[in-house]
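**Q** First the structure, which I've put down as structure tokens, then a few questions once you've had a look.
The numbers here are math on the coordinates, done by the rules we state, and not lab data. Remember, predicted model here, so these are calculated numbers, not experimental data. Counting neighbours? That spans all protein chains shown, and the Cβs are built from the backbone with ideal geometry, glycine included.
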Amino acid sequence: MARPPDKTARAELLLAASEEFAAHGVEGTTIQAITVRAGRSKGAFYLHFDSKDTAFRALVESVFDGLASFLGDVVPTPKLGWGLAEVRAHWLATDVRAFEYVWRHRDVFRLVLSGGMCERFAFLTDAFALAASESIARWLRYGVAQGFYRADLDVEIASMMIGGAYDGLARELVGRKRKPRLTQWLAQFQGVFVGGLGAQVRPRRQDANGATTTPVPRVARRNRGVASRR
């Protein structure tokens, strides 16, 4: 009778594999090194994985599954009843938890996002990017419906742009040697890429000759008045 897989052994082997991959890369890692670090036999390794490449793929899929779990903890619906401050606070708190997770697994993400690995695991990064974009779009639609964001917002384009910015931010994070203050870092990011969506478009006016003009901001009008009195 075949020996049943041991979930504890699998977890220990994956942990050991992640440490070996981080230290030596996939090519420089051996199954022997993984099993020694895990305190398990090669037989235990082959009970769970066909090769070190299979172990690496299982590790990457596990890490991406964990990251995806942050996307759907709250589903925005009209019944949610959250105001703008509550939405932004939840959004920021979720971002902080997700980026803490990315930092904790930065060695794996760094391997996946660099060199040939990027193309090899494109199916995972693309699937996550799509799920993230859809999650952002749901929150933006909620914001538009509640009047938080401008009514003429193109949600699909905005969600793709914000998703791309998150991707760039994650790549920046995993490349750093020291962890930034994530709450402040992400609050600034949110202010630029999310806060700006609520800006109202100033209506254009026509002068006496029918030419379209843009209203002068109040500060500029005050400054112009001061200048005219000099």
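**Q** Going by how many other beta carbons lie within 10 Å of each one, how would you line up ARG104, ARG37, ARG178, fewest first?
**A** ARG178, ARG104, ARG37
**Q** State the extension gain, in nm to one decimal, for the chain segment bounded by LEU197 and LEU169, taking 0.36 nm per residue of separation less the distance between their alpha-carbons.
**A** 8.2 nm
**Q** Which order, highest average first, do 42-50, 144-152, 94-102 follow once you tally other Cβ atoms within 10 Å for each residue and take the mean per peptide?
**A** 94-102, 42-50, 144-152
**Q** Let me ask another. Could you run the Karplus curve 6.51 cos²θ - 1.76 cosθ + 1.60 with θ = phi - 60° over the range 172-188 and give me ³J(HN,Hα) per residue in whole Hz, x for Gly and Pro?
**A** Each residue of the range 172-188 in turn: 5, 4, 5, x, 7, 8, 10, 6, x, 6, 4, 4, 5, 4, 6, 5, 5 Hz.
**Q** Given a Förster distance of 25 Å, report the FRET efficiency between GLU86 and ALA151 from their Cβ-Cβ distance, rounded to the nearest 0.05.
**A** The computed FRET efficiency comes out at 0.75.
**Q** Percent of alpha carbon pairs in the range 1-54 separated by more than 17 Å?
**A** 27
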